[in-house]
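Below you'll find the structure, written out as structure tokens, and then a few comments.
Only the coordinates and a few stated rules stand behind these numbers; no lab work does. Every value quoted in this text rests on a predicted model; they were computed, and no experiment measured them. No Cβ is skipped: glycine too gets one built from the backbone with ideal geometry, and neighbour counts run over all protein chains shown.
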Amino acid sequence: MPSAITYTRFGGPEVLVLSEVEVPRPAAHEVRVRVRAVSVNPIDAKIRRGELAGAFPAEFPITPGVDVAGVVDAVGDAVGGTAVGDEVFGVATGGAYAQYAVLGRPVAKPQGLSWEVAASLATVGETAFRALRHLDLRSGQTLLIHGAAGSVGAIAVQLATARGVTVVGTAGAADQERVAGYGAGAVVYGDGLIERVRAAAPQGIDAVLDTSGAGVLPESIELAGGPERVITLADMNAARYGVRFTGMDPADRATEALPELAELAAAGELDVPIWRTYPLAEAARAHADLDARRYRGKIILVP
């Protein structure tokens, strides 16, 4: 029988175990893939700890993971345009930390794109693209991105600068060079943030994208001149400040961006840094890194 990572109770990384499972069957509009790489995302750990039990009711055992890349080995009766043997990536239904996973909207993987990067693109790429679409910035405007060294923030910096937007990115001291390398003005977090941002962008800030959830919405509103030009992906206090939160509504997605992002990454025009790759059986170790915030890029599991 094939293997998958499962857990039967909420808790720390130690609840993740390698289990034998049945091969999943794709529904009419789904495909099944033989998994080649799986991305480990912060939301996986939040669900594992039970922090999102209200939004994601538990039906144990749970197989975690959503972002996956692999080779199609079964196709549902109503699927068109995808065949057995195709290399694809996308969002899994029913868990992705496994040897086999099911996808509802597979995206073709370009030849030059690694399995690891393909598995990393679905959530972070779509999220960055969607946030920028909501802000609708024009060339010559200035965007402040909090968490510019993170996976979503780094992609947002690259997409925005490619569109002619001036970007100021906040990050920790160790990540200043990396953020600057993506074409942003790098600014350190902490006391005096407003003054440092204003010094980096004397022309003013037209909009703010908060990917960090680090409690910087009041400063963001002040810098943008009001809450209507601030959007957050991570701060659950958004409503209190009149700031738009994007990410919880399944209808609020920009999956149409994934083929374009994949081509950019394959051509070397979009950097998606991979920090470390672990065997599937070491998912608990990967989650320990996630919980301790030791990572500097995407964490990948390989069956």
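Within the listed set P24, P202, P227, the residue fluctuating most in the Gaussian network model of the chain (springs between alpha-carbon atoms under 10 angstrom) is P202. Taking +1 at the Cβ of each Lys and Arg and -1 at the Cβ of each Asp and Glu, which of V187, T166, F129 sits farthest along the dipole of the stretch 125-245 towards its positive end, judged by Cα position relative to the Cα centre? Going by the charge dipole, the pick is F129. Pick from V157, V15, V107: which is most flexible by mean-square fluctuation in a GNM of the chain where alpha carbon atoms under 10 Å apart are linked? Comparing V157, V15, V107 in the GNM, the peak value goes to V15. Just checking my list [x] 49; [y] 55; [z] 65 against percent of Cα pairs over 25 Å apart computed from this structure; which label fits? Among [x] 49; [y] 55; [z] 65, the one calculated here is [x].
The stretch 200-256 to the stretch 17-56: how many Å between their Cα centroids? Using only Cα atoms, the two centres lie 29 Å from each other. In the chain, Cα pairs under 8 Å separated by at least six residues give a relative contact order of 19 percent.
Think of the chain as having a plus end and a minus end, set by charges on the Cβ of Lys, Arg, Asp and Glu; of L143, P26, L217, L217 sits farthest toward the positive end of this dipole.
Neighbour counting of Cβ atoms within 10 Å sorts the residues S19, S39, fewest neighbours leading, into S19, S39. Which residues in the stretch 265-287 place their backbone N less than 17 Å from a point set 7 Å from the Cα of Q99 along the Cα-to-Cβ direction? Answer for this model: 279-283. Pairs of Cα atoms nearer than 8 Å and 6+ residues apart set the relative contact order; for the stretch 5-80 it is 46 percent. Taking G80, G247, G164 as the candidate residues, the one with maximal mean-square fluctuation in a Gaussian network model of the chain, Cα springs under 10 Å, is G80. Sorting the segments 86-98, 46-58, 230-242 by their residues' average number of neighbouring beta-carbon atoms within 10 angstrom, most packed first, yields 86-98, 230-242, 46-58. Kindly identify the stretch 125-245 as rounded, prolate or oblate by the Cα gyration tensor criterion: order the square roots of the eigenvalues as a ≥ b ≥ c, call it rounded if a/c is under 1.5, otherwise compare a/b with b/c, prolate if a/b is larger, else oblate. Note, shape of the stretch 125-245 comes out rounded. Each label point was placed 7 Å from the Cα along the Cα-to-Cβ direction; for A251 and R9 their separation is 4.0 nm.
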